[in-house]
Amino acid sequence: MRLGVLDVGSNTVHLLVVDAHRGAHPWPAHSQKSTLRLAEQIGPDGALREAAADALVEAVAAARASATALAVDDLLAFATSAVRDATNGAEVLARVRQTTGVRLEVLSGADEARLTFLAVRRWFGWSAGRLLVLDIGGGSLEIAAGIDEDPDVAESLPLGAGRLTRDRLHVDPQDTSPPTADAVDQLREYVTDLLDPVVARLSEVAWDRPVATSKTFRTLARLAGAAPSGAGPRIRRELTRSGLRQVLGFIRHIPPAKLAELEGVSAGRAHQLLAGAVVAEAVLRRLGVDSLDVCPWALREGVILNRLDQLASV
């Protein structure tokens, strides 16, 4: 069957269409993205700005038109932290449904962590043993750990790269000066403080293989020397804590407007990279992770796999 996944994330609205059935590899048939950076479009009152809501409606309408043209059998549409946390999130969701006919399901942070964990488990298989899975999005950080397909621990923290760029570093994509050393140090302290309770819970859970997903981790791994995306998804990509520290050490001195000139850094997210690197370094340091593998599958694939499992049980 042909499945469409419409992911309204904190950075992009991404439609992924795959041909899949239970037990088979989901084969991508179409992918389209609209970069809206919703996590950075939240006003002082906590509401998603009107212009951002307009852009969201337009992007969802375009995605639905593409899904219809591609004869998608089932469109799975969901939204994550940017819409979930917006004070006017319910109104925005209602407007999207009324205008486009698409009902966006709002995933909780714990559900994001669980579904991402499912995707990573299926990618690496049972031989990977107990997994630790980390995912830095635009609005939140997800952490999950366990040995089954459903993790023993699934946590979400408001430590997304876009959110921290907006609220803590106050960085604009066109800035020609990097954030001050004090701002970066304060961000590091803030991230560490928020991690403490989760680190305490994870101290009772062991893992054999630490894994990271998300564009942020893939970009950091690329800057640390991992293979480029053009090498294909099955090439092993690793990010070490020492390599991450080196990356963080030099990007903190580069103006946001110049970060996009680095190989492997996308223009739309370049200014968020420093905040993402601070979060990544803090997580690895606090959890005592020396190196991790980067998985090409993440939340969207988890949603697909979960849907196929549901259809098989009917």
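The values are calculated or read from the model by the stated rules, or taken from the named source; none is laboratory data. Predicted, not measured: the structure shown is a model, and the values here were computed from it. Please note: Cβ atoms are built from the backbone with ideal geometry, for glycine as well, and neighbour counts cover all protein chains shown. Accessible surface areas use protein heavy atoms only, side chains included; no ligands, DNA or RNA. Shrake-Rupley method; radii C 1.70, N 1.55, O 1.52, S 1.80 Å.
Some observations on this one:
- Listing of strands (runs of 3 or more DSSP E) fully contained in region 129-176 that carry 2 or more residues being without any contact (Cβ under 8 Å) to a residue 60 or more places away in the chain: 141-146, 153-157
- Residues that are outside any loop (DSSP other than H, G, I, E, B) and aliphatic (A, V, I, L, M) were ranked within region 78-104; the one that is farthest from the chain's Cα centre (by Cα) is Ala94.
- Looking only at residues in region 173-231 that are touching an Asp or Glu at 6+ places or on another chain (Cβ under 9 Å) and basic (Lys, Arg), the one that is nearest to Val265 (Cα to Cα) is Arg222.
- Filter pass, Arg37 being surrounded by fewer than 16 Cβ atoms within 10 Å (Cβ to Cβ) and within 22 Å of the chain's Cα centre (by Cα): no
- Just one of the listed residues (Ser291, Ser313, Ser266) is within 17 Å of His14 (Cβ to Cβ) and polar (S, T, N, Q), namely Ser266.
- Here Ala280 meets each of (1) of a type outside the set (Phe, Trp, Tyr); (2) farther than 20 Å from Leu202 by Cβ; (3) open to solvent by less than 40 Å² (accessible area, probe 1.4 Å); (4) under 15 Å from the mean Cα position of the chain (by Cα) with one exception, condition (2).
- Out of Arg201, Arg236, sole residue that is part of a loop (DSSP other than H, G, I, E, B), surrounded by fewer than 21 Cβ atoms within 10 Å (Cβ to Cβ), among the charged types (D, E, K, R) and in contact (Cβ under 8 Å) with a residue 24 or more places away in the chain: Arg236
- Hey, Arg245 in contact (Cβ under 8 Å) with a residue 40 or more places away in the chain and open to solvent by 30 Å² or more (accessible area, probe 1.4 Å) or not: no
- Selection count where residues are in contact with a strand residue (DSSP E or B) (Cβ under 6 Å, 6 or more places away or on another chain) and of a type in the set (D, E, K, R), scope region 154-191: 1
- Looking across region 177-198, the residues that are assigned to a helix (DSSP H, G or I), under 17 Å from Ala280 (Cβ atoms) and of a type outside the set (D, E, K, R) come down to Val184, Leu187, Tyr190, Val191, Thr192, Leu194, Leu195, Val198.
- Selected residue (criterion: least open to solvent (accessible area, probe 1.4 Å)) from residues of region 283-314 that are without any contact (Cβ under 8 Å) to a residue 12 or more places away in the chain and not in a helix (DSSP H, G or I): Gly288
- Arg188 being of a type outside the set (Phe, Trp, Tyr), closer than 30 Å to Pro151 by Cβ and surrounded by 14 or more Cβ atoms within 10 Å (Cβ to Cβ): yes
- Residue tally, condition within 25 Å of Ala86 (Cα to Cα) and either β-branched (Val, Ile, Thr) or outside any helix (DSSP H, G or I) (or both), over region 115-128: 1
- Screening Pro28, Pro44 for residues that are assigned to a strand (DSSP E or B) and surrounded by fewer than 16 Cβ atoms within 10 Å (Cβ to Cβ) leaves exactly one candidate, Pro28.
- Residue match in region 208-224 (condition: part of a loop (DSSP other than H, G, I, E, B), within 25 Å of Arg122 (Cα to Cα) and open to solvent by 20 Å² or more (accessible area, probe 1.4 Å)): yes
- Restricting region 248-278 to residues that are part of a helix (DSSP H, G or I), touching a residue at least 40 places away in the same chain (Cβ under 8 Å) and among the aliphatic types (A, V, I, L, M) leaves a set whose member that is farthest from Gly125 (Cα to Cα) is Ala257.
- Residue match in region 86-102 (condition: within 30 Å of Phe124 (Cβ to Cβ), of a type in the set (S, T, N, Q) and modelled with pLDDT of 95 or more): no
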